[in-house]
Amino acid sequence: MKLKVSCQLCFEIVEPSVLILILRPFRGYQQLITREVYSIKPALPIIESTDSFGNSYQRLVVPMGDVLIYTSAEVVVSDYVDVAQGACFVEIQQLPPEVLPFLLPSRYCESDRFGDLAREITDDVLLGYDQVRKISDWVRESIDYTPGSSDYPLSATEVHHLGHGVCRDLAQVAIALCRSISIPARLVVGYLYNLQPMDLHAWFEAYIGNRWYTFDPTQQELMGGRVIIAFGRDAADVAIFHQFGSGCQLNSMDVRVDLLDN
């Protein structure tokens, strides 16, 4: 399917500040970008770079006043998600070097605290894909998905105790559980067609059967139509913007995903 995705951010700047943005769709990962628009009003110089995970980020100094940032892209993506019941667990000594960072505890995914729970959840299933599917189902059934309930990232431990969270929170609990039983897992942020209410979305991927597979604890059945913006260890790596300076306020964000005919 071909989707048009867009995100508009409106900032009020009361003193000059620095923004680091991650807004452009990821390139080269099962999605073809056929058209892209990136505009800033007022026009400002941008330094663009790529981080260690391959995400594209933009750095700019914003002056006092209103700043409008608009991005859109037309992207061809799959309308389904690959499923592989029985895909095998990959032993740590066989993992590619670039996968290893997604095996370790991180700021919002304290996997060293979830081992007993993860083993309890997965004790009756095959190692690998079936474990991750069981974990994702458990998170969906045990933690309420409540859009708009969190304005800032919470750790997996905090969300587990709280019992509810946004999509990012549920994904991070699942990631912590996967890593605690030696399955690499990473957070993904992007767009999802037909998401209600519409917003940017977060899900996770796990490395099993020698490749990454998609999982989403907010859904009973996995939906296709996903446009990836960024991958990371947790929310600290994939936030769509970081502000440096006390004089920067996000006043509004508008996200849209539309199906194109061709």
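Throughout, read-outs are computed from the coordinates displayed, never taken from laboratory work. Note that this is a predicted model, so its numbers are computed, not measured. Neighbour counts run over all protein chains shown; Cβ positions are idealised from the backbone, glycine included.
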### Message
With the cut-off at 1.5 for a/c, could you classify region 157-216 from its C-alpha gyration tensor as rounded, prolate or oblate?
### Response
oblate
### Query
Once the Cα atoms of helix 129-142 and of the chain are each reduced to a long axis, what angle between those two axes, in degrees from 0 to 90 to the nearest 10, is obtained?
70 degrees
### Task
Mind giving me the nanometre distance, one decimal, between the label points for residue 29 and residue 251, set 7 Å out from Cα along Cα→Cβ?
3.3 nm
### Query
Classify region 85-126: rounded, prolate or oblate, from the alpha-carbon gyration tensor (a ≥ b ≥ c, eigenvalue square roots; a/c under 1.5 rounded; otherwise prolate if a/b is larger than b/c)?
oblate
### Summary
Treating every alpha carbon of region 211-262 as one equal point scatterer without solvent, the Debye formula yields log10 I(q)/I(0) values at q = 0.14, 0.16, 0.17, 0.25 Å⁻¹ of -0.66, -0.82, -0.90, -1.26
### Query
Can you put 212, 203 in order, fewest other beta carbons within 10 Å first?
212, 203
### Message
Give me a comma-separated list of calculated 3J(HN,Hα) values for region 167-176, in order, Karplus coefficients 6.51, -1.76, 1.60 applied at θ = phi - 60°, integers in Hz, x for any Gly or Pro.
### Response
4, 4, 5, 5, 4, 6, 5, 4, 4, 4
### Query
Which trypsin sites (Lys or Arg not before Pro) does region 5-84 hold that lie in a coil by DSSP with at most 15 other beta carbons within 10 Å?
27
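Based only on other Cβ atoms within 10 Å, what is the fewest-to-most ordering of 41, 2, 134? Could the numbers behind the result be given before it?
Working: 41 11, 2 15, 134 18.
Exposure proxy ranking, most exposed first: 41, 2, 134.
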### Message
Please list, ordered by chain and number, the residues whose modelled amide H lies under 5 Å from the amide H of residue 224; skip anything fewer than 5 residues away on the same chain.
### Response
81
### Task
State the antiparallel share, in %, of DSSP beta bridges confined to the chain, rounding to the nearest 5.
95 percent
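Specify whether the C-alpha gyration tensor of region 139-190 places it in the rounded, prolate or oblate class, a ≥ b ≥ c being the square roots of the eigenvalues: rounded for a/c under 1.5, otherwise prolate if a/b is larger than b/c and oblate if not. Numbers along the way, then the final one.
Numbers: a/c = 1.92, a/b = 1.46, b/c = 1.32.
Because a/c hits 1.5 or more and a/b exceeds b/c, region 139-190 counts as prolate.
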### Task
Work out, in µm²/s and without decimals, the Stokes-Einstein translational diffusion coefficient of region 60-197 at 4 °C, 1.567 mPa s, Rh from Kirkwood over C-alpha pairs.
76 µm²/s
### Query
Longest exposed-loop-site-free stretch of the chain, with GluC sites (Glu not before Pro), DSSP loop and at most 16 other Cβ within 10 Å?
92-220
### Query
Rounded to the nearest 500 deg cm²/dmol, what is the calculated helix-only ellipticity per residue at 222 nm for the chain, with -39500 (n - 2.57) per DSSP H run of length n ≥ 4?
-5000 deg cm²/dmol
